[in-house]
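Contents: one structure, followed by commentary.
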Amino acid sequence: MNDDSGPSRALRIAAPALVAVALVAAWQAAVVAFDVPPYIVPSPLAVVATLVHDRALLVGSLGVTLGIALAALAIATLVGTLVALAFVQSRWIEMSFFPYAVLLQVTPIVAIAPLIIIWVKDTRTALVLCAVVVAIFPIISNTTLGLKSVDHGLLDLFRMCRASRWQTLARLRIPSALPYFFGGLRIASGLALIGAVVAEFVAGTGGQGAGLAYQILLAGIQLNIPRLFAALALIAAAGVALFTATVWLSRLALSRWHESESPARE
């Protein structure tokens, strides 16, 4: 029986929605019951009111942050995939350069961001590069793993048929790596947004082109905590939207032929 039936799909949406409603209701009840001041913890109603009242400012800042995150994700995807393709062509290349990819991953972005912002004159380009540094490693590691995780029987068959390295790459390794690639893309989408926000915090850029991180900093200084919560809610919603988009892309690309995205059957 197909597990992707209408009731099952509705349950997957309804269950987390009910949990969210319960949590928000408990938050509202606690704020009212204990008379918590809005400059400490605002009520959900106050946050929603701020979202409506400051929608032009917050949505504009969200557009700036999302633009940086999407540009970083695109660059990380392109460069990370090319690096992974280079790694799989030569074991020596992988052994020589993969440790530096790991080094980028384990080095805190807050330590690298000030240097990038100093070295790169254009602030927006510097912010994008900071987000790329955060987002690129999952693309490199997952795609490299996928390109290497091919069926050895099929690989021997390609060798017996005297397939060229390009034919083996295009017809065997890349299709086998797609599920791994999309897994890395899901992780990288969230990391790109995190990198963009952290870079904005470090840069402290304000003015008309300020992102949500600046709005959070400014709201904290002004003790405008409802706006701070509203900005955090928009960042969380943007992260969920990016993750959902990558899941949809994965299903679109893999659902017709790969078991990882095919409907479960019993």
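The values are calculated or read from the model by the stated rules, or taken from the named source; none is laboratory data. Predicted, not measured: the structure shown is a model, and the values here were computed from it. Note that we place each Cβ from the backbone using ideal geometry, even for glycine, and neighbour counts take in every protein chain shown. These accessible areas exclude ligands, DNA and RNA; they are computed on the full protein's heavy atoms, side chains included. Shrake-Rupley method; radii C 1.70, N 1.55, O 1.52, S 1.80 Å.
Within the stretch 186-210, how many residues turn out to be farther than 17 Å from Pro114 by Cα and either hydroxyl-bearing (Ser, Thr, Tyr) or touching a residue at least 40 places away in the same chain (Cβ under 8 Å) (or both)? Give the steps one after another, and end with the answer.
Restricting attention to the stretch 186-210, the residues satisfying the condition of being farther than 17 Å from Pro114 by Cα are 186-193, 207-210.
Now narrow it down to the ones that are either hydroxyl-bearing (Ser, Thr, Tyr) or touching a residue at least 40 places away in the same chain (Cβ under 8 Å) (or both): 186-193, 209-210.
Summing the residues that are farther than 17 Å from Pro114 by Cα and either hydroxyl-bearing (Ser, Thr, Tyr) or touching a residue at least 40 places away in the same chain (Cβ under 8 Å) (or both) in the stretch 186-210 gives 10.
Can you go through Val24, Val41 and tell me which one is in a helix (DSSP H, G or I) and surrounded by 11 or more Cβ atoms within 10 Å (Cβ to Cβ)?
Residue meeting the stated conditions: Val24.
Any idea how many residues of the stretch 217-250 are open to solvent by 20 Å² or more (accessible area, probe 1.4 Å), without any contact (Cβ under 8 Å) to a residue 40 or more places away in the chain and under 17 Å from Thr65 (Cβ atoms)?
Count: 9.
Which condition from (1) over 27 Å from Phe182 (Cβ atoms); (2) open to solvent by 30 Å² or more (accessible area, probe 1.4 Å); (3) of a type in the set (S, T, N, Q) is the one that Thr50 breaks?
(2)
I need every pair where a residue in the stretch 1-30 that is under 28 Å from Val41 (Cα atoms) has its Cβ under 6 Å from the Cβ of a residue that is at pLDDT 85 or above and part of a helix (DSSP H, G or I), sequence separation at least 6 or different chains.
Val24/Pro44; Trp27/Pro44; Gln28/Pro44
Just to be sure, is Ala219 part of a helix (DSSP H, G or I) and within 24 Å of Leu73 (Cα to Cα)?
no
Kindly provide the set of residues from the stretch 61-85 that are open to solvent by 40 Å² or more (accessible area, probe 1.4 Å) and of a type outside the set (Val, Ile, Thr), ordered by number.
Gly63, Leu66, Leu70, Ala74, Leu78, Leu82, Leu85
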